[in-house]
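*Asks:* Here you go, one structure.
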Amino acid sequence: MLTVSNLSVQFGKRILFDEVNVTFTQGNCYGIIGANGAGKSTFLKILSGEIDPTSGRVILEPGKRMSVLNQNHNMFDDYTVLETVLMGNKVLHAIKQEMDALYADYDDKNADRIGELQLQFDEMNGWNAESDAATLLSNLEIGSEFHYTPMSEMDGKLKVRVLLAQALFGNPDVLIMDEPTNDLDFETIGWLEHFLANYENTVLVVSHDRHFLDAVCTHISDIDFGKITHYSGNYTFWYESSQLAARQRAQQNKKAEEKKAELEEFIRRFSANVAKSKQATSRKKMIEKLNIDEIKPSSRRYPAIIFEQEREAGDQILNVQNLAASIDGEVLFKNVDLNMAKGDKVVVFSKDSRATTAFYEILNSNIQQDAGTVEWGITTSQSYLPVENHDFFKSDLNLVDWLRQWVKTEEERDEVYVRGFLGKMIFSGEEALKKCNVLSGGEKVRCMLSRMMMIRANVLMLDEPTNHLDLESITAFNNSLKNFKGSVLFTTHDHEFAQTVGNRILELTPKGCIDRYMTFDEYLDDPKIKELRKEMYA
């Protein structure tokens, strides 16, 4: 279906891909994974023809159509929503445009050409194109009232859904998507998961959403060491298998190294001893026969995210009563009551991300609520990871001095102590002296996590904590929160994060809140809660 032959990509002295040969076959969904900077997005752009490789070829089977999720959200601002979706099938759209032009200037000379176009249009199911596009839009929660709205007037998050509908439209033979779940709510992601799980053609997808990769992928395509290797199964199967294989290789390597060291020591001790010389010679031959597999270090780096409490909190954690907030007269939430117990890990959830952010900002006394009270337990200490962290990185301090701002004692100012926290978050050596105002989004989040670990609070508040992080950091973060003994309030679009960490759901709506002790999946699947949620947002 889609073949990559002898593909190499080099930027300056850096080799991104080296003689890659892979084939993507029909009926499979491939999750493209790799460390940040490994070349995932670059690879997709090469497949789509957006950029050229240094050498090698990409071969799409003749007669097959490729569709790519567009990343330029403003490209179609001059078109209506419905026409933007129809443009997903370029051939069909071109036929329709030519037909419309000929009809607008009709004469007998055009009749034969119109007939040819109508036949092609019919073979491509063109007469149902608009209704199919409308159905896709509706499934992505773009109502019919928007279908003839110019894209320039659409909200940014709705544009993302229109472009997703465009990519899916017309049943493409090869579908390429880079982070398709960005800005989608859990219900829409669920619909997309179901759509792709039943899709009969070829799909290549890059995503940091592990639940999504597990739900849709039949194969994982791992980018590492400049190569791409296919593995059967979804992301969790790949992750667990790769960890097991690494442990087995390490154990085998350790045994071989120990045996080699033992033999070399014998040779050193007895090679000059005539009586033992034959034994030493035989041991030299044994060393030569030892097959020690070199374990090439992976480009992946897993941070050591470890949250510890300076002191354990008492039974009273947080009491919120009748809390309300609004923006410019628009109610974000009201009548919110929460009595948080020790050890609770609460998924703070809303269809409006402004509501959850306002909730955290109120809890941290950064903004004033419209009504209600917030009372923290006297034994609690809080640490907050906001969704926007720009204000923390305005200075030109290096990372060591930046992190020193939150030390509690003079002893903690020691550079070795501070570097320890940075090192856990993969800022080692010279990286710890980088200026904080030149960091990438992921680096800033890792710095904020270093800060939180240093504070050692017993209550963590996390607003979209996985934003900008790679899969390795997300996995480490997820495991850390599962093991954390304190209390957590968190908001996330990462389904796996919510499901495996949270034991309680608090949903904020304009008509009140829903508070349940249950897992995230149980909450989304409960029929009674589904009806209640419809009422709360109606």
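*Asks:* Given charges of +1 on the Cβ of Lys and Arg and -1 on the Cβ of Asp and Glu, with all other atoms neutral, how large is the dipole of the chain about its Cα centre, in debye to the nearest 20?
*Replies:* Working: 60 positive and 82 negative charges, 767 e Å.
It works out to roughly 3680 debye.
*Asks:* Can you list the aspartates and glutamates whose alpha carbon is less than 19 Å from that of K260, not counting same-chain residues fewer than 8 positions off?
*Replies:* E288, D293, E294
*Asks:* For the range 336-420, taking Cα atoms only, what is the radius of gyration to one decimal and the Dmax to the nearest whole Å?
*Replies:* 16.7, 46
*Asks:* Let me confirm the definition first: pairs of Lys residues in the range 1-142, 8 or more apart or on different chains, C-alpha distance under 19 Å. How many are there? All intermediate terms of the calculation are to be shown ahead of the outcome.
*Replies:* Numbers: K13/K40; K45/K64; K45/K90; K64/K90; K96/K109.
Lysine pairs satisfying the spacing and distance rule in the range 1-142 number 5.
*Asks:* Compute the Rg to Rh ratio over the chain from the alpha carbon atoms, using the Kirkwood formula for Rh, and round to two decimal places. Present the calculation step by step, with values, prior to reporting the outcome.
*Replies:* Numbers: Rg = 28.5 Å, Rh = 27.1 Å.
So for the chain, dividing Rg by the Kirkwood Rh gives 1.05.
*Asks:* ³J(HN,Hα) across the range 346-359 via Karplus (A = 6.51, B = -1.76, C = 1.60, θ = phi - 60°), whole Hz, x for Gly/Pro?
*Replies:* 9, 7, 8, 9, 6, 6, 10, 5, 5, 5, 5, 5, 4, 4
*Asks:* Multiply the residue separation of S144 and D396 by 0.36 nm, subtract the distance between their alpha-carbon atoms, and state the gained length in nm to one decimal.
*Replies:* Extending this stretch completely gives an extra 85.7 nm.
*Asks:* Right, next: Taking the convex hull of the Cα atoms, report for the range 117-237 its projected area averaged over all directions, in nm². Please report the intermediate quantities before stating the final value.
*Replies:* On the way: hull surface 38.3 nm².
Reported value for the Cα convex hull: 9.6 nm².
*Asks:* Next up: Provide the three semi-axes, in whole Å and in decreasing order, of the ellipsoid equivalent to the range 207-250 as defined by the square roots of 5 times the Cα gyration tensor eigenvalues.
*Replies:* 19, 13, 9
*Asks:* Something else about it: Counting just the Cα atoms, what span does the range 31-142 cover along each of its three principal axes? Round to the nearest Å and put the largest first.
*Replies:* Reported extents, whole Å, longest axis first: 59, 37, 24.
*Asks:* Something else about it: Which aspartates and glutamates, if any, have their Cα less than 14 Å from the Cα of K394, not counting same-chain residues under 8 positions apart?
*Replies:* none
*Asks:* Just grab the label-to-label distance for N479 and R516, each label 7 Å out from Cα along the Cβ direction, in nm (one decimal).
*Replies:* 3.1 nm
*Asks:* What's the carbon and sulfur percent of the range 1-101's accessible surface, probe 1.4 angstrom, rounded to a whole number?
*Replies:* Numbers: 2350 of 5010 Å².
Percent of accessible area from carbon and sulfur atoms in the range 1-101: 47.
*Asks:* Normalised radius of gyration for the range 125-183, please: alpha carbon Rg relative to 2.2 N^0.38 Å, two decimal places. Spell out each step's value before the answer.
*Replies:* Details: Rg = 11.7 Å, N = 59, 2.2 N^0.38 = 10.4 Å.
Expressed relative to 2.2 N^0.38 Å, the Cα Rg reads 1.13.
*Asks:* Here's a follow-up. Per residue, how much accessible area does the chain show when a 1.4 Å probe rolls over the protein heavy atoms, in square angstrom? Each step should come with its number before you reach the end.
*Replies:* Working: 26730 Å² over 538 residues.
For the chain, the per-residue accessible area is 50 Å².
*Asks:* Calculated FRET efficiency, I15 and D52, Cβ-Cβ r, R0 25 Å, to nearest 0.05?
*Replies:* On the way: r = 16 Å, r/R0 = 0.64.
Once rounded, the FRET efficiency stands at 0.95.
*Asks:* Cα-based Rg (one decimal) and Dmax (whole number) for the range 13-64, in Å?
*Replies:* Radius of gyration, then largest Cα-Cα span, for the range 13-64: 12.1, 38 Å.
*Asks:* Quick one: Karplus J couplings for the range 324-341, per residue in order, coefficients 6.51, -1.76, 1.60, θ = phi - 60°, nearest Hz, x for Gly and Pro?
*Replies:* Values, residue by residue: 9, 8, 8, 10, 6, x, 8, 6, 8, 7, 8, 6, 8, 10, 8, 10, 7, 9 Hz.
*Asks:* As an exercise, use a Förster radius of 22 Å and the Cβ-Cβ distance of T229 and N72 to find the FRET efficiency, rounded to the nearest 0.05.
*Replies:* Working: r = 31 Å, r/R0 = 1.41.
Computed FRET efficiency for T229 and N72: 0.10.
*Asks:* Another one. Please list, by residue number, everything in the range 492-516 whose backbone N is under 19 Å from a paramagnetic label point 7 Å out along Cα→Cβ of D370.
*Replies:* 507-514
*Asks:* Next up: In whole percent, how big is the carbon plus sulfur part of the accessible area of the range 145-244, probe 1.4 Å, protein atoms only?
*Replies:* Whole-percent figure for carbon plus sulfur exposure: 53.
*Asks:* Tell me, which longest segment in the chain has none of the GluC sites (Glu not before Pro) that fall in DSSP loops with at most 15 further Cβ atoms within 10 Å? Walk me through the numbers before you get to the answer.
*Replies:* On the way: sites that count: E50, E141, E200, E294, E308, E310, E312, E388, E410.
After excluding every exposed loop site, the longest remaining stretch is 411-538.
*Asks:* At a 1.4 Å probe, what is the % contribution of carbon and sulfur to the accessible area of the range 370-484? Mind showing how you got there, number by number?
*Replies:* Values: 2340 of 4850 Å².
Answer for the range 370-484: carbon and sulfur cover 48 percent of the accessible area.
*Asks:* For L117, what is the net charge nearby, where nearby means another residue's Cβ is under 12 Å from its Cβ and Lys, Arg count +1, Asp, Glu -1?
*Replies:* Values: positive: K96, R113; negative: E98, D100, D112, E116, D122, E123.
My count for the surroundings of L117 gives -4.
*Asks:* Further, regarding this structure: For the range 449-538, rounded, prolate or oblate, judged on the Cα gyration tensor with a ≥ b ≥ c (square roots of eigenvalues), a/c < 1.5 rounded, else prolate if a/b > b/c? Write out the running numbers ahead of the final one.
*Replies:* Numbers: a/c = 2.19, a/b = 1.94, b/c = 1.13.
Judged from the Cα gyration tensor, the range 449-538 comes out prolate (a/c at least 1.5, a/b above b/c).
The values are calculated or read from the model by the stated rules, or taken from the named source; none is laboratory data. Fair warning: this is a prediction, and the values are worked out from it, not measured in the lab. Cβ coordinates were reconstructed from backbone atoms using ideal geometry, including for glycine residues, and neighbour counts include every protein chain displayed. When the accessible area is computed, the model is the full protein with side chains, heavy atoms only, and any ligands, DNA or RNA have been set aside. Shrake-Rupley method; radii C 1.70, N 1.55, O 1.52, S 1.80 Å.
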